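Following: one structure in structure tokens, then a few remarks.
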Amino acid sequence: MPQMREATVGNLDPAQAAELSLLVDLEARWENLRKPPARVAAGGYGTRELQDRQKAYEDFRRKLTAYNRQYTPAHVPELLLNTPSRLGAWCRGMRDLYRLVEHDPRGHCPAHLLEKAYRWADRVGARLNKGPVSRPAPPATIRAVIGELEALARWCDDLAGGPGQPATPDVPPEVRTPHAYSA
């Protein structure tokens, strides 16, 4: 989500926040499938993998079109999360979005979105010779994802050499996962 700011997220009504949270997770699912796992890269894609990728793309594009017809500003997929400051800002924006929908009955745990965040963190870390980011067990709740996104944002701040936004005090210590990153 380009240049997601707290003010922007704070201005979303609950229905728009819920729709956007579903859209960004579908977007992340599609993006995650675009990079093939090592086993697929060696032997190419099978019919099933290609069908899964095509379905993920179609689901995302359909949801993106519907969202952009209904809401303004339009959602434009974030293309570059390749620096600590960009990735950190994106993680904070996604954290803020999911805080809005955490208690919404339509909400779901955005596993694809979190995997996208880790994938980009691994790229940023490798480029800066910091190694891959350690991943805890997949989270089962939106609250746990919020904590992981906060931890990744702090990791990005550390890499960038300065703080972005301070850690949020309303995230309980058991959800603030300092193990989510390694220096």
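Could you tell me which of the residues Leu97, Leu26, Leu81 is at pLDDT 90 or above and closer than 17 Å to Ala144 by Cα?
The unique qualifying residue is Leu97.
Residues that are more than 19 Å from Ile142 (Cβ to Cβ) and of a type in the set (Phe, Trp, Tyr): list the helices (runs of 4 or more DSSP H) wholly contained in the range 12-129 that include at least 2 such residues.
47-70
Taking Tyr67, is it of a type in the set (Ser, Thr, Tyr), in contact (Cβ under 8 Å) with a residue 40 or more places away in the chain and surrounded by 19 or more Cβ atoms within 10 Å (Cβ to Cβ)?
no
State which residue is farthest from Arg154 (Cα to Cα) when the search covers only the range 79-107 and only residues that are surrounded by fewer than 22 Cβ atoms within 10 Å (Cβ to Cβ), of a type in the set (Lys, Arg) and in contact (Cβ under 8 Å) with a residue 40 or more places away in the chain.
Arg106
The values are calculated or read from the model by the stated rules, or taken from the named source; none is laboratory data. All figures in this text were calculated on a predicted structure; none of them were measured in a lab. All Cβ positions, even for glycine, are placed from backbone atoms using ideal geometry, and neighbour counts span all protein chains on display.
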